[in-house]
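Here the structure is laid out as structure tokens; the discussion comes afterwards.
The values are calculated or read from the model by the stated rules, or taken from the named source; none is laboratory data. It should be emphasised that the depicted structure is a prediction, and the values quoted were computed from it without experimental measurement. Virtual Cβ from ideal backbone geometry, glycine too; neighbours counted across all protein chains shown. These accessible areas exclude ligands, DNA and RNA; they are computed on the full protein's heavy atoms, side chains included. Shrake-Rupley method; radii C 1.70, N 1.55, O 1.52, S 1.80 Å.
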Amino acid sequence: MLKPGLRLKSAVCDAEIMVIKAMKGNDLTCGGVTMAEQQEQGEANQEQMHGCLIGKRYVNENETIEVLCVKSGAGSIYYNGVELMTKDTKKLPSSD
Amino acid sequence: MNIALFLQMAAEACPNRSALTHNGNHYSYAHLYVAAKNAANKFSRARCRYISLIGESSPAVPIALMGAAMAGVPYVPINYRLSEEQIVPLLERIDPAYLITEKTQVPYSNDNWVIQNPNDFITDVMKGNDPEISWHEDPSAIAVQLFTSGTTGDPKAAILRHEHLVSYILGSVEFMGALEEEASLVSVPPYHIAGISAILSSIYACRHVVQLPSFDPIEWLNLCSQERVTSAFLVPTMLTRIMEILDKQENEAANLTSLESIAYGGGKMPLPIIEQALRRFPNVNFTNAYGLTETSSTITLLDPQDHRKAIASNDDKIRARLGSVGKTLPSIELEIRDEEGKQLEAGEAGEIYVRGPQVSGEYDSHSVLENDGWFPTRDSGYLDQYGFLYLSGRADDVIVRGGENMSPGEIEDVLHLHPAIQDVAAVGIPSEEWGQVVALAVVLLEDAEITKEEICSYVREHLRSSRVPELIHFTRELPYNDTGKLLRRIISEWFNPKSG
């Protein structure tokens, strides 16, 4: 179980994410290696290295999984073997 | 989940970008991040239960807010314009605190309190090294506690948890959405929810903030041109005063060429003012925002396109949207309900209920959220068939005359259009015959003359006879708080001196 607010690091690059929506299991990977709170160096799956970008939100197709990239990295984020995609948010005018 | 994340991300993505300008001093995002981390260490060592700040906007404000978040201690900014008698009971509610203030006579000086001058605080945290620091990520920890203005009674302490503020920012601001050359002029006071959200949204957008510590229309105009300001947030009284100055000094408008957008909110905008502003600044994007402290700021928006469409329209229904607060944010649900809690149709006025991840609806003593998460705002209004929300005032301000509910707003709106009237407030006062009747406080324009009888017949001409005032009091000005909220409680006392 991954709870909202949890921060996870990549084992293959500088990437860090924060969990936005709670998800079962911990099948969240970056560059093919499971993400964790404390991280040792891991070996990347080169087919899963398209990068992730700070400030982008990544979701699965029906948006039941959602994470925020808080530090960019070379690896890409997968859940259960499926690559997450960036979520398009409606741009609002600044109200503050 | 912690609001400190926003500053960490901004410092990571654009360390050298200007974060803050105050009195001509500039601070980058890297500076601000290091200062907040040093502040967090100071706060942790002090072992206080709260971090408080009583003062004008300064770099100490975002540093204390972010430092408190990192230290896991609630941040409580307090209105510096309050009298000592008003401040003391608030301080008793945050004992012991690390208090940043210029006030030399703080009634708290026992060993558990730390009291520091803002300039000393800033110097301290700026000269520290870059410490390694980690913070808790508990979404339900309290980030900010704000004392509401207490327009109807004693101040309540509204609680905003990290999850509320983080949801609001993630739902409404794009990370690094601002360009390097953008600058936002912040003149709202730091103890107001708009002051908190201005800091958070600017940081997440990596926008440069220019602080105007104490609002003055001439200062505001000068800073706009000096700092090439591109956006600003104003409460209605601020825009009113800026428009007054511009009327007197035609040329000043030419200096506002950098200005791209103005957001306003925090009270009811007089229709003539926004119409005048739209005509004078056709290229500026105006956004009206409605929100409450308890909802972590904005929940509905009237966007720039809505404004342009309304001012250009000959259709009364579309033009009326200048008086609307717009449509709900995508993450917010909104319903209008009657007194029994039944959901009302479009066009029917009732109490506004909202639900969403940014809605706290909670005070230090209790939560008013319903079990299914709906928050009764105590504001009343209605939705039109297109989903535009129109406010008619606080539910507590509704005047009930002989069982008939009327909002002060509908009476005031009509009177605002009278050529002799500068400002007006309608309140309900006790009546043996009717329960309540309408009383008016009226401010006349300079040199204007009008009798009470003429006002009564003007109201009778435009509204139902139940709206005709029983009492009229002429006054030189109406009582507003710092952010332009009308203090109806005080006006009621004018008619009813003993009941207050």
In nm, the gap between the two label points placed 7 Å beyond Cα toward Cβ at B:E102 and B:R81 is 1.5
Could you pull the Rg and Dmax for chain A, using just the Cα atoms, both in Å? 13.0, 45
Mind listing P(r) for the range B:398-495? All alpha-carbon pairs, 10 Å bins, whole percents. 16, 52, 29, 3
Percent accessible area from carbon and sulfur atoms, chain A, protein chains only, probe 1.4 Å: 45
Measuring from the lowest to the highest alpha carbon on each principal axis, how far does the range B:143-229 reach, largest first, in angstroms? 41, 32, 15
Return the value, in Å² to the nearest 100, of accessible area buried between chains A and B (probe 1.4 Å, both sides summed). 2000
Considering only DSSP beta bridges where both residues belong to the range B:55-165, give the percentage that are antiparallel (nearest 5). 55
Quick one: length gained pulling B:K309 to B:D95 fully straight, 0.36 nm per residue minus the C-alpha distance? 71.9 nm
Accessible area, probe 1.4 Å, largest first, for residues B:T451, B:T240: B:T451, B:T240
So for the protein assembly as shown: antiparallel DSSP bridges make up what percent, rounded to the nearest 5? 65
Out-of-range pairs (alpha-carbon distance over 27 Å; input A:K3/B:K342; A:K56/B:K127; B:K156/B:K485; A:K87/B:K327; B:K37/B:K268; A:K90/B:K485): A:K3/B:K342; A:K56/B:K127; B:K37/B:K268; A:K90/B:K485
Hey, can you list the residues from the range A:1-41 whose accessible area shrinks by 50 Å² or more with all protein chains present, relative to the chain by itself (probe 1.4 Å, no ligands or nucleic acids)? A:R7, A:M18
How big is the accessible area of A:C69 in square angstrom, nearest 10, if you roll a 1.4 angstrom probe over the protein chains? 0
Ignoring ligands, DNA and RNA, what percent of the 1.4 Å accessible area of the range B:4-322 is carbon and sulfur? 44
Please list the equivalent ellipsoid semi-axes of the range B:1-119, computed as the square roots of five times the alpha-carbon gyration tensor eigenvalues, in descending order and whole angstrom. 26, 16, 11
Filtering GluC sites (Glu not before Pro) in the range B:284-387 by DSSP loop and by at most 10 other Cβ atoms within 10 Å leaves B:E339, B:E340, B:E345
Per residue, the convex hull enclosing the Cα atoms of chain B spans a volume in Å³ of 155
Note the per residue figure in Å³ for the convex hull of the C-alpha positions in the protein assembly as shown. 169
Hey, can you find the accessible area per residue of the range B:398-495 for me, probe 1.4 Å, expressed in square angstrom? 53
